[in-house]
Amino acid sequence: MAREPLDFPEPDRSDGSPHPREVYELLGHAAAERRYLDASQSGRLHHAWLVTGPPGIGKATLAYRIARHRLGGTTLLEGSLDIPASDPVAQRIESQGHGNLSVIRRPYDPKSKKLKRDIPVDEIRALAKFFQSTAAESDDWRVCIVDKADDLNANSENGLLKLLEEPPKQTLFLLLADQPGCLLPTIRSRCLHLPLRAVDKTNVKRWLGARTDVRPEFQEAAVSLSRGAPGKALALVGHVETVLQPLKRLMQSLSGNGDDMALAKSLATIKEATSRELFWDALIDVLQAQAVQAGTGEWTGPFDPSTAQKSPETWVTLAERAQQTRAAETGINLDKTAALYDLLSRVRAA
């Protein structure tokens, strides 16, 4: 596939984090790597794998580790996917210059100067031509990473299904998905499922501490809100001022007043789209933690618990309302400022 200019926004790069093709260490998921390696060494490697898990769990990092291995990278240890950045294959992949690797993702539209909302069928048509052509590198294997399969529209999904039904020889498809249930059952049935589980938070805390110097309370909050996804923890500490600090102020004032309108406005701008998604996740997690505390007395959330007196049922209702509001915000294009402000008002008033 044609390489996009490096100054274009990349939909598969988390804001403030390196791109997964530039990451060589994977935290956790040894069992998932072992499953791929066992299949590879058996000589009966399935042609399509569906790698699933929440955002930031390491799906793309694993996919690039597999791609380096399948395209001939030299591992540091036998029976490992640890291929160093100095390896020639790794270097070509990192520079987006490996002729036998195709990455399918939402393309950038130079006319609107925005990323497209989904992966159009033209991308799949180009992928079919990629497989029909002579391999660009000496190694006959070709790898396709779809990041994310959730972004396929109906036409592109059907186009990919045809390729999966009649796969070219020595081809490996790596489909990444946050919500695999949204994919066509026929696509899921043609893939081996490789689910990635939450990483132990003790390991996430140690890993994160080696990569950031933000205050310990914010590191601990990021780990608490990470849901066991190292990439998400790293994204949260990269958004201290727009996510973690406002969340802390909100929690400290739940039983009183706060400048909720200012917060809602600050997260409604296009440039703060990532912060908004992180804040919605964090807010829902905090509301659920409040429900647990109200019912058991145990605090499982970030920062100090609020003294707001509400029943467990009320907190659960608020968490459900937050999830519904967030979904409606996208589905029917609600006013972002009004949607978040209304939810925060309900949290204070309920």
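The values are calculated or read from the model by the stated rules, or taken from the named source; none is laboratory data. Computed from a predicted structure; not experimentally measured. Neighbour counts are summed over all protein chains in view; Cβ atoms, including those assigned to glycine, are modelled from backbone coordinates with ideal geometry.
Could you tell me whether ARG197 is in a loop (DSSP other than H, G, I, E, B), basic (Lys, Arg), touching a residue at least 12 places away in the same chain (Cβ under 8 Å) and more than 27 Å from LEU318 (Cβ to Cβ)?
Numbers: in a loop (DSSP other than H, G, I, E, B): yes; basic (Lys, Arg): yes; touching a residue at least 12 places away in the same chain (Cβ under 8 Å): yes; more than 27 Å from LEU318 (Cβ to Cβ): yes.
In short, yes.
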Inside the range 14-44, can you point out the residues that are surrounded by fewer than 17 Cβ atoms within 10 Å (Cβ to Cβ) and part of a loop (DSSP other than H, G, I, E, B)? ASP15, GLY16, SER17, PRO18, HIS19, GLU25, GLY43, ARG44
Test result for LEU62, in contact with a helix residue (DSSP H, G or I) (Cβ under 7 Å, 6 or more places away or on another chain) and part of a loop (DSSP other than H, G, I, E, B): no
Looking for whichever is in a helix (DSSP H, G or I), under 24 Å from ARG215 (Cα atoms) and touching a residue at least 40 places away in the same chain (Cβ under 8 Å) here; the options are ALA235, ALA264. Which one fits? ALA235
Within the range 187-237, the count of residues that are closer than 30 Å to ALA48 by Cα, surrounded by fewer than 15 Cβ atoms within 10 Å (Cβ to Cβ) and basic (Lys, Arg) comes to 1
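Take the residues in the range 12-44 that are touching a Phe, Trp or Tyr at 6+ places or on another chain (Cβ under 8 Å) and farther than 21 Å from ARG206 by Cα; name whichever of them is modelled with the lowest pLDDT. Talk me through it step by step, then tell me what you get.
First pass over the range 12-44, keeping only residues touching a Phe, Trp or Tyr at 6+ places or on another chain (Cβ under 8 Å): 20-21, 23, 27, 36.
With farther than 21 Å from ARG206 by Cα added as a condition, the list becomes 21, 36.
Details: ARG21: 93, TYR36: 96.
Only one residue tops the list, namely ARG21.
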Search result, residues across the range 327-341 that are without any contact (Cβ under 8 Å) to a residue 60 or more places away in the chain, among the polar types (S, T, N, Q) and assigned to a helix (DSSP H, G or I): THR330
Specify which of the listed residues (GLU320, GLU298) is at pLDDT 95 or above and either more than 21 Å from the chain's Cα centre (by Cα) or surrounded by fewer than 17 Cβ atoms within 10 Å (Cβ to Cβ) (or both). GLU320
Please state which of the following conditions ALA308 fails to meet, knowing it meets all the rest: (1) under 19 Å from SER14 (Cβ atoms); (2) surrounded by 16 or more Cβ atoms within 10 Å (Cβ to Cβ). (1)
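Is it the case that GLN293 is surrounded by fewer than 20 Cβ atoms within 10 Å (Cβ to Cβ) and not in a helix (DSSP H, G or I)?
No: the conditions fail for GLN293.
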Filtered residues of the range 200-210 (kept if within 19 Å of the chain's Cα centre (by Cα) and in a loop (DSSP other than H, G, I, E, B)): ASP200
Identify all residues within the range 238-261 that are of a type in the set (A, V, I, L, M) and either at positive phi or not in a helix (DSSP H, G or I) (or both); write none if there are none. LEU254
